[in-house]
Every structure is written in C-alpha cells, then in structure tokens.
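Written below as structure tokens is the structure these notes are about.
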Amino acid sequence: MAGKRWRMRGLSKRKGSEVWQGKFRVPQRLWDRRDDLRSLGVSDLGKTQEFTQSLGEYDRDRAGEVYRKRLAVWDLKLGAWAALLEHGPRGLTQKQRFALAGEYAKAFLAAHEEEPFYAPPSLPAPEARADDGGVLARAVASMAPGDRAELRGALLAYFRAGDHERVRLALSLFIKFPALQESLGPDFVAALEGMHGAEADAALAARGLLVTEEARRLLTFDMADMMGAARRGLVARSGGDYRPVPELEGAPGFVLESTPVAAAPGPVVTFAAIIDAQATKRGAGQGSKSMPDKSVKKYKRIADAFARHRGSSNAATVTVLEVEAWLDSMQAEAEVSNRTIADRLVNLGTIINWGKRLREYREAMAAAETISGKVELPSYMEKPGGETAYRLEEARTVLKAARSETDPSKRWLPWLCLYAGLRISEANTLRKADFFEAEGSWFLKVTSAGKRSLKTASSERRIPVHPALEAEGFLEWVRAAPSGQLFRDGATSLIGRWVKGKVVGLVRLGVAPNHGLRHLFVDLCRRYGVEDSAREYMAGHSSPSVHTKYGSSDAMLPGLAAEMLKVVPVLPTPTNSAR
C-alpha cells in the first residue's frame, strides 16, 4: 500500500509550505451543467473546475490516507450531482430518515463517549418572535376551561425540559392542540433548523444525497429525536453507565433503494462468465484463433476493478452513470493516466458488447446499457516518438550490456527488438521453427501459428535477419537451441526491470525500455533510406496492399533482405573472440 500511495499524483505541497494538499476536479460533463446544478440547489459548487484542499498532514503516507478518504466522499458527492441532474432531488422514506439520523447520532455518541464531559454542547434554539399578532391569545381564549388547564400543565413541562426533550414535547403539543400550530409552528420549524439543520446536512453529505426540501425538513425532526437519544446516552456515560442506547440500537440500517419483497430477482450475468464464454467461442472450431490467456486475465482484471467500484459483478445491470462515476473516481485518484483510463473503459464496453451478442446471455443482457460510444473517453496526449525511442548512445549501452548476459532473454531480446523492429511480445514468443533460409539469406516469421497472439493482421510478416545479429552469433545460438519457444515467458517486465535497473541504468524519463528499441529501428530505416513500403512491412505497420507486396510469395524476400542491408549497425561488428 505504501508504494501505491507514493504514486498518487493528486498530492502536492503548496509553494512555501510543508503541508500536503490534495487535488479535486469536477468532471467536464458536470462542470458544463454547473448552472443547472446551482439552480437545483447545489450550494457547494466552487468557482473553478479544479481545486486543492489542505490535508493537514506533514507526512506523505498519512496525507495519502486522508486524501483517499476525502476522495471517497468526493465520489459520493459527484454521484449525487449526476443523479440530481438525471432524476432531480430524491425523497426519503420514514425508514430512510430514521436510518440517516440514527447513523449520524451513533457516530456522534461514539466520537465523544470516551470523554463525555468534553462533548460539544447543543446549539441553542433561535429566539422566538416577540409578537404573533395575537394568534396565540385568540387560540387559548377559544379553548374550553379544561383544555386550557391541560395546556398550562403541558407548557410548564415543556419549559422545564431540556432542548432535545422540548422537541418531542412540542410535537405532542401540536398534535394535542392543533390551534397552537399557526402561532408556534414557524418558531418551532426555525428552532429545528437552527439546532439540527447542520446535522441533517452532514448526514446527507456523508451519504452523498441531495434531497427535496420536504425530505430535509422532515429529517431535522428525526435528527432531533436521535440526537436527543445520543445526548441522553452521553449523560448516562458521564455517570459511568455505558449500556447501549435503545433508541439508537433500534435505528434501521440505511438502504438507498428498497426492493419490494415480492419483486422477482433480475437476471444475473457476471463479467467473468461473459469473458469465459467469449474465450470459448473464439477457440471453437478448426483453425480458430483462441483468445490469449493474458487477454482473458486483462479483461477480468478490468471487470473486477469496475465491479469493486460499483459493488456488483452483475453485468446485466450496468448503467452509463455507473461507468461515468468509475471514470470520475479514477481521474480523482490520479493513480493512472487518462490513456489507461480510456483503455479500461473501452475494454469494459467490449465486455458488455460481447454479453449482448452471446447467444446464452443475449436476453439477460438486454437491460444492460451500452457503454461503447455512450461514455465520453478522457483526452490524453500521445508521447512524442522522440521521447519514447532510444537515443543511439542509449541503444549502444543496452546492446553492450546484453553482450555480457548469460540469460538468453537479456542476451538476445534487445538485439531482436532493435534489428528486427519486433514488439517485445513478438520477440518473446519466437520459436526455433520460425527461422528459415531463402536464396542465401536468413529470415524469421512473425506468426500467430500455434495459438500465438498478434496485435493486428498486418503483424504477420517475414523479416530478414540483420547481419549484425548474425555477426553476434544469434543464428548459431538458434541452431543449437532445442525445438520450441526460444525464450521464457514474461519478457516485457523482465527486460523493463533490467534496462531500468542497476545493470544498465537507463533512467531517462519517457523512454520506453522495450518499445523504444522498435521505434529506433523505424528511425534507422528512415535514416538509411529503406524504402517506405519495406519499412512499414517489417515494422508490421503496413496497409493491405503493402502487406500483399512483400508477403504474398517468397519471390519478394531477396528484395526485402536488400533493404535490410541498408541499415548500418549501431555497434562495430564483433570479432569471433568477442562473442
């Protein structure tokens, strides 16, 4: 966890301060409708789309923990704003109001029961109006003598009670003597707002809820009851009585949407079931191209992350709003780039599309909302090729370091990526049978045969073995190798760690430790005048027409080899003893 916190890009220090601060951002789609949100009663929407808040911590790790908690609250608020725009303010049932008030009162009691004498006092009720225009006097005068006597006793009990008890007694007075409502009702509502309005707002904010005025007003009534119970609990604890408070213990748990008991459960289709079914379908039949295991794991990893965020693995109930909330959460946490976020959303949309097309899930997935094309992907800037490609001196450093390695992956994969323009995944899965000789020159095949995975159809190609590889002794090593795959799996992370580690020590920001050698190959082809179509074909970037030109028959292979000979080695050819 500590390592993860150090990668949080939303943390920073204000200039001249040692206190950490966190960055928060309103998503563009909500920011574009900020006037609508304000008109719907959102009062805490600031003047800027992006802002920072002090986290009150000098330690980086503690600041990260505080930041995560605040981001969770921020996510709830963003979700509430989105729901407000889509559905308007929500109402609350009586059970939900008691649950919210009970939740807040329990937290208040727990926070102060260790030292009950230091609990903050109740807020005083605002002063009542000095003159009600004689409404109360006329109401009392109209009562029967017996009722006036009962009212006198009830009012004495009311004035002798504490603030929280008065709320309960006032409600009883209004029920028993309706004539009092016209005179005292406005003062009572104002008192409730003054004493419990902020607490009601805090309870709603903790759940990310934006409710109607009526629902909030009723919540202040229920908050008065529950906070009265919490205050009575603190009084008991002051005397050493730490037994549970019955009113608080009896409060229900909060459930946002109640599901009717008689309602039939909807269909459940898990993300994992869809991915497994699609993988099975891809591998069915003779000559099929199976989904690679790493792709299956990637899709499941992304689906699991989304399921954890929304609290459900049921793909049949996915909504655009949930996916947008996930997008907002990932951007707020700032642990991954916008490009990674966009890739995750695209892959999630692919899973949903599979589910809607698969025969066994088509009907159940009909209710799931389509994600692809419905969720606006975050923008990002592609890294300039000059940043990710190796510089010549960097390439020489890596190739020289590889010469000293005994591990075949470290010894040969960097050379293959540079002198054949291979993707690291292509080089990693090469087999002894992929090498062949044609008209005096050696070639290697990049192929999906044997259930290997390639990026695109144009990735299938035959590439001349560069003389620099042959001079290094690579072909001799291939001939001596046993049949099958030449290199062990896991080259992407292995070579990346090796290049960035102490052995090689390539630390320039932005350079791609694996793909950067492939980029340099393309640059070398341009530098030494390799024909454009030959360069595109060898790099696997070719159009169908170019691919046909070089890949249709062996007749074009000598011409391709002649183009490869134009690329001048970046290191001098070794002597036999240097190998």
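Here is the figure for segment 328-340: residues that are touching a residue at least 24 places away in the same chain (Cβ under 8 Å) and closer than 19 Å to LEU11 by Cα total 9.
Within segment 70-117, the set of residues being in contact (Cβ under 8 Å) with a residue 12 or more places away in the chain and of a type in the set (Gly, Ala, Ser) comprises GLY79, ALA80, ALA82, ALA83, GLY88, GLY91, ALA99, ALA101, GLY102, ALA105. As for segment 84-99, it holds no residue that is hydrophobic (A, V, I, L, M, F, W, C), within 15 Å of ALA334 (Cβ to Cβ) and at pLDDT below 90. The residues of segment 91-111 that are open to solvent by less than 20 Å² (accessible area, probe 1.4 Å) and touching a helix residue (DSSP H, G or I) at 6+ places or on another chain (Cβ under 8 Å), listed by number, are LEU100, ALA101, GLY102, ALA105, LEU109.
Against the list (1) open to solvent by 30 Å² or more (accessible area, probe 1.4 Å); (2) at positive phi, the condition GLY88 fails is (1).
So for segment 372-391 (the condition being surrounded by 15 or more Cβ atoms within 10 Å (Cβ to Cβ), in a helix (DSSP H, G or I) and out of contact with any strand residue (DSSP E or B) (no Cβ under 7 Å at 6 or more places or on another chain)), does at least one residue qualify? There is at least one residue in segment 372-391 that is surrounded by 15 or more Cβ atoms within 10 Å (Cβ to Cβ), in a helix (DSSP H, G or I) and out of contact with any strand residue (DSSP E or B) (no Cβ under 7 Å at 6 or more places or on another chain). Selection of segment 492-536 for residues being buried (at least 19 other Cβ atoms within 10 Å of the Cβ), outside any loop (DSSP other than H, G, I, E, B) and under 28 Å from the mean Cα position of the chain (by Cα) yields only LEU494.
Taken over segment 293-312, the criterion of being part of a helix (DSSP H, G or I), small (Gly, Ala, Ser) and over 18 Å from GLY283 (Cα atoms) is satisfied by ALA303, ALA305, ALA307. If you go through segment 310-339 and keep only what is closer than 30 Å to GLY510 by Cβ and either surrounded by fewer than 16 Cβ atoms within 10 Å (Cβ to Cβ) or not acidic (Asp, Glu) (or both), you end up with TRP326, LEU327, SER329, MET330, GLN331, ALA332, ALA334, GLU335, VAL336, SER337, ASN338, ARG339. So if I check each of GLU65, GLU114, which one is open to solvent by 30 Å² or more (accessible area, probe 1.4 Å), part of a helix (DSSP H, G or I), of a type in the set (Asp, Glu) and out of contact with any strand residue (DSSP E or B) (no Cβ under 7 Å at 6 or more places or on another chain)? One residue alone meets the criteria, GLU65. In this structure, PRO260 does not qualify as modelled with pLDDT of 90 or more, within 22 Å of LYS95 (Cβ to Cβ) and not hydrophobic (A, V, I, L, M, F, W, C).
The values are calculated or read from the model by the stated rules, or taken from the named source; none is laboratory data. Bear in mind that the values here come from a model prediction, so they are computed numbers and not experimental data. Virtual Cβ from ideal backbone geometry, glycine too; neighbours counted across all protein chains shown. Surface accessibility is based on the protein's heavy atoms, side chains included, excluding ligands, DNA and RNA. Shrake-Rupley method; radii C 1.70, N 1.55, O 1.52, S 1.80 Å.
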